[in-house]
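Have a look at the structure below before the remarks.
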């Protein structure tokens with residue numbers, strides 16, 4: 001397969017995503033949720049602080065950690081971009097046009113993943129920047145924003161959101177319905193791992209650590225336990241890759 | 001050239017397309033006819049690689065659709081005019097299609113011009129397009145890659161009379177350029193005006209694949225007889241039935257005879273001394289020919305095991 005065909009499929013997917021207004025509304029909604037969430041968490045961080053002396057470094061919160069906590073809510077807006085890129089095709093029937101233009105199911109899904117991943121990554125950078133700008137002044141004397149660390153956190157947030165976006169895309173291709181996909185995502189990212197962690201039993205905690213949201217959380221927080229951050233990133237990437245494979249298998253097997 | 005070889009599609013225990021073997025040749029308009037649920041759309045979707053055949057194959061230019069690199073240059077198709085994202089403009093819809101197959105974007109304006117959609121119509125979001133405009137947009141998409149094979153599923157649906165005439169001329173001229181045109185329609189009168197060749201299916205099976213003239217010629221010619229004397233007419237009917245013709249009484253003064261020529265009926269009437277007010281032969285229209293061809297498959301659907309016609 002020539003590179004130009006591949007580029008063509010990517011260009012087509014970008015045209016489709018950028019030509020519907022819902023894409024831009026979703027991005028705007030993401031910005032608002034991030035700003036609100038970062039602002040609120042920053043207020044909590046500043047108010048909850050019981051340390052009387054901000055100069056002794058205890059109780060000082062980094063802007064990056066506020067960002068990372070804000071992602072927990074914001075991700076549900078951002079993953080809608082990956083989700084809608086495929087489920088809207090099933091709803092409107094344009095999936096048949098798409099497969100007529102590009103009969104290779106793998107190529108279609110890869111092109112969509114490239115576009116959804118790039119868009120959610122870019123949006124993630126923007127969200128990280130906005131979140132930092134909101135959180136910094138609210139934290140005031142209880143906050144710190146070392147430049148290199150903050151930039152690193154913003155890039156990590158963007159990477160996390162891009163992988164979640166691709167995960168949503170792959171699942172959407174397999175499940176076809178937006179509502180069903182969102183339900184499964186909510187369960188996978190939050191409900192199931194939270195339930196597993198609830199009784200605080202070691203073996204259940206370790207199972208929860210494998211779930212994409214938890215793994216991504218360990219990556220974002222830079223945790224060294226239960227595994228290094230890179231393993232958290234790889235686990236999340238593995239989930240995204242597996243979802244794409246599942247989506248491709250469904251597209252190949254089922255009639256459009 | 002479209003080649004179907006034993007093409008079969010089953011959905012569970014239902015056979016939608018049953019071992020269809022047909023060649024659809026270039027340079028002419030091939031009409032694809034059949035009652036609702038006969039398997040026309042399923043056949044077209046299998047040709048486009050959208051549905052997987054249960055058995056057999058569908059080839060375009062000798063290759064399976066799923067193997068085509070830039071399929072819009074090989075096959076253009078209009079399947080469903082409503083298949084456009086409600087918020088996406090027609091122009092963006094076509095631009096995305098063009099990108100996917102490396103077609104320059106100026107071609108989008110060319111095909112929009114060909115189908116008669118102006119800039120304002122092409123900028124409107126999909127949800128606001130009328131069915132007719134959707135059909136034109138779908139045809140524009142089919143023409144985008146300038147393909148040698150074109151398929152249209154019910155292309156005149158929702159078009160005004162001008163649009164219908166335009167589609168008819170377009171298909172004619174595309175066929176005259178040597179392209180393969182495969183068009184399905186439930187409008188049999190429309191087929192009579194546009195198609196050169198007819199492929200007729202019923203319940204997924206091939207019923208006919210022949211020039212349109214032969215389909216009509218092969219079907220029965222009916223003779224209408226009117227007389228002011230019901231008794232004489234009854235005697236005539238009895239003689240005709242005895243001679244092997246089939247006779248239907250429209251009312252007391254009129255008969256419709258099949259299986260005998262107007263000459264034979266006239267001679268017989270003269271012999272019996274029945275005064276006639278009308279004796280006329282009626283060539284069957286394509287519509288009648290179609291009804292006759294598909295009668296079995298439709299009847300079968302309403303048979304003792306089925307729950308009525310599908």
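Bear in mind that the values in this text are calculations on the coordinates, not laboratory data. Quick caveat, the model's predicted, so the values are computed rather than measured. Because the Cβ atoms are built from the backbone with ideal geometry, glycine has one as well, and the counts that use them run over all protein chains shown.
Once you order the gyration tensor axes a ≥ b ≥ c over the Cα atoms, which shape class does the range A:66-214 get: rounded for a/c under 1.5, otherwise prolate or oblate by comparing a/b with b/c? In terms of gyration-tensor shape, oblate. Take B:26-39, A:160-173 and order them by the average number of nearby Cβ atoms within 10 Å per residue, most first; the result is A:160-173, B:26-39. Placing R0 at 25 angstrom, the Cβ-Cβ distance between residue A:234 and residue A:179 gives a FRET efficiency of 0.25 after rounding to 0.05. I want the antiparallel fraction of DSSP beta bridges within the protein assembly as shown, as a percent rounded to 5. Antiparallel bridges: around 65 percent, rounded to the nearest 5. One way to sum up the overall shape of chain A is the equivalent ellipsoid from its Cα gyration tensor, whose semi-axes run 35, 21, 15 Å, largest first.
Picking from B:140, B:77, B:87, which is most flexible by a Gaussian network model of chain B using Cα springs under 10 Å? Checking each option, the largest mean-square fluctuation is seen for B:87.
Quote the convex hull volume per residue of the range B:53-191, based on C-alpha atoms, as a whole number of Å³.
On the way: hull volume 17.2 nm³, N = 139.
Value for the range B:53-191: 124 Å³ per residue.
Helix B:131-143: angle to the longest alpha-carbon principal axis of chain B, degrees 0 to 90, nearest 10? Taking the Cα atoms of chain B, the angle to B:131-143 is about 70 degrees. Distance from the Cα centroid of the range B:227-244 to that of the range A:128-151 is 103 Å (rounded to whole angstrom). Restricting attention to chain B, close to 70% of DSSP beta bridges with both partner residues there are antiparallel. Put a dot 7 Å past the Cα of residue B:238, heading toward its Cβ, do the same for residue B:278, and the two dots end up 2.6 nm apart.
Is the protein assembly as shown rounded, prolate or oblate when judged by the Cα gyration tensor, a ≥ b ≥ c being the square roots of its eigenvalues, rounded requiring a/c under 1.5 and prolate requiring a/b larger than b/c? Note, shape of the protein assembly as shown comes out prolate.
Remark: mean inter-chain Cβ contacts per residue of A:10-20 equal 6, using a 10 Å Cβ-Cβ cutoff to other protein chain atoms.
Using R0 = 45 Å, the C-beta based FRET efficiency linking residue A:43 and residue B:25 works out to 0.05.
All alpha carbon pair distances within chain B were sorted into 20 Å bins beginning at 0; the resulting P(r) in whole percents reads 29, 46, 21, 5.
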